[in-house]
1. Given axes a ≥ b ≥ c from the Cα gyration tensor, I'd like to know whether segment 265-344 is rounded (a/c under 1.5), prolate (a/b larger than b/c) or oblate.
2. For residue 110, what accessible area in Å² do you get when you roll a 1.4 Å probe over the heavy atoms of the protein chains, rounding to the nearest 10?
3. Which helices pass in the chain if a helix is a full DSSP H run, must span at least 15 angstrom along its long axis by Cα, and must have mean Kyte-Doolittle hydropathy not below -1.0?
4. For the chain, what does -39500 (n - 2.57) per DSSP helix run (n ≥ 4), summed and divided by total residues, give at 222 nm, in deg cm²/dmol to the nearest 500?
5. Need one number: the % of Cα-Cα pairs in segment 168-319 sitting beyond the 18 Å mark.
6. So between residue 188 and residue 31, what do we pick up on full extension, going 0.36 nm a residue minus the alpha carbon distance?
7. Please give the FRET efficiency for residue 281 paired with residue 176, using the beta carbon to beta carbon distance and R0 = 25 Å, rounded to the nearest 0.05.
8. Using the Cα gyration tensor of segment 230-280, with a ≥ b ≥ c the square roots of its eigenvalues, what is the shape: rounded (a/c below 1.5), prolate (a/b larger than b/c) or oblate (neither)?
Amino acid sequence: MKGFGIPFGWLLGGAAALFVAGLFGISAGAASITAADVFRHLLSLLPFGGVETPLTERQEALLMELRLPRVVAGAIVGALLATAGGAYQGVFRNPLADPFLLGAAAGAGLGATMVMVFGQDLFGDPRALVPVAAFVGALAGVASAYLLGATAGGGGTAALVLSGVAVSSFLSAAQTLVQQMGVDQLQRIYAWLLGGLGRGGWDDVRLILPYALVGLGVLLLSGYLLDMLALGDDKAVSLGLNPALVRGAVIAAASLATAAAVSVSGLIGFVGIVVPHIVRRLVGSNYRAILPVTILIGAAFMITVDIVARTVVAPAELPIGVVTAFLGAPFFVLILRTTRHRGT
């Protein structure tokens, strides 16, 4: 069943995947709380549900103050990174476009690191400024990669990827230089760079939620416009569209989404490539379908990856960026091989 280009069956499937991943994400951990007990506890929170919680007071505190905010933050971060990747691929008409390959994540990382190192002396508590600085850095990174690719290589797939790698390398080097100026925060910054969700609790959720709502809202509304851009600029103009304005708005929204995710989770790669390509295989090339399904699948994907990171070497914990790299690097090679026949 479809309406307005949106496959409601896939939306329901994505919502179910997110619910199941969230349920197991809340129950996973050293303290034994089964998924069934988590589900019953969540039912007990509903008014007039008539269900009593099976959890002890200690288990309830663990679930509500540690595990639940981590799962919610993971869902938001996954949705942001995946949808930003899908939007970049649509606006550049490039299957390899991704927040990390385009320099957006590296720019966001540099902006956030600068605030962490210098912000305390200038502003006292700089935490609220991290997403803003990350947004400015993300915009600068993706703009630099796009302009370099357009001028040096004609804007083809290979040129854009190589430009993104070059810009990301430069911004990462600048970030390393900034880190060395803030040795007191070095351990915290290093842990943040590897990617993770277990630091800020509900504070992280409250910090990025406004940015997430704005970024995802704009991207969802842009689905129809991206479908028009896919027809080519001349056709889009004949339909009354301003391609430059649409690209600017979508790039800004995708960069805001990337910056919000990076500001709380650190650098978690490949989500923006893996999830949109999986969704595209499922629902087709219509961005009115791709973007809403990507939000749900991206959220479920990140929660699942976080479960792996927490459990595979328990009681230790792997950085999430390591897990996504193991999954995403082969996936990226596969996509690269399938695009070689285009001659770029």
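1. Details: a/c = 2.98, a/b = 1.53, b/c = 1.95.
Judged from the Cα gyration tensor, segment 265-344 comes out oblate (a/c at least 1.5, b/c at or above a/b).
2. Here the accessible area works out near 30 Å².
3. Details: long enough: 8-27 (29 Å, 1.79); 68-92 (36 Å, 1.31); 104-123 (26 Å, 1.26); 130-153 (34 Å, 1.64); 157-180 (35 Å, 1.18); 202-221 (28 Å, 1.47); 243-265 (32 Å, 1.54); 271-283 (18 Å, 1.51); 287-311 (36 Å, 1.47); 320-338 (27 Å, 1.93).
Span-like helices in the chain: 8-27, 68-92, 104-123, 130-153, 157-180, 202-221, 243-265, 271-283, 287-311, 320-338.
4. Numbers: 15 runs with 250 residues, N = 344.
Estimated from H runs of four or more residues: -24500 deg cm²/dmol.
5. Values: 7764 of 11476 pairs.
Roughly 68 percent, rounded to a whole number.
6. On the way: separation 157, 0.36 × 157 = 56.52 nm, distance 2.61 nm.
Separation in residues times 0.36 nm, less the Cα-Cα distance, equals 53.9 nm.
7. Values: r = 37 Å, r/R0 = 1.49.
With a Förster radius of 25 Å, E is 0.10.
8. Values: a/c = 4.93, a/b = 1.86, b/c = 2.65.
It comes out oblate by the Cα gyration axes.
The values are calculated or read from the model by the stated rules, or taken from the named source; none is laboratory data. All figures in this text were calculated on a predicted structure; none of them were measured in a lab. Cβ coordinates were reconstructed from backbone atoms using ideal geometry, including for glycine residues, and neighbour counts include every protein chain displayed. What goes into the accessible areas is simple: the full protein's heavy atoms, side chains included, and nothing from ligands, DNA or RNA. Shrake-Rupley method; radii C 1.70, N 1.55, O 1.52, S 1.80 Å.
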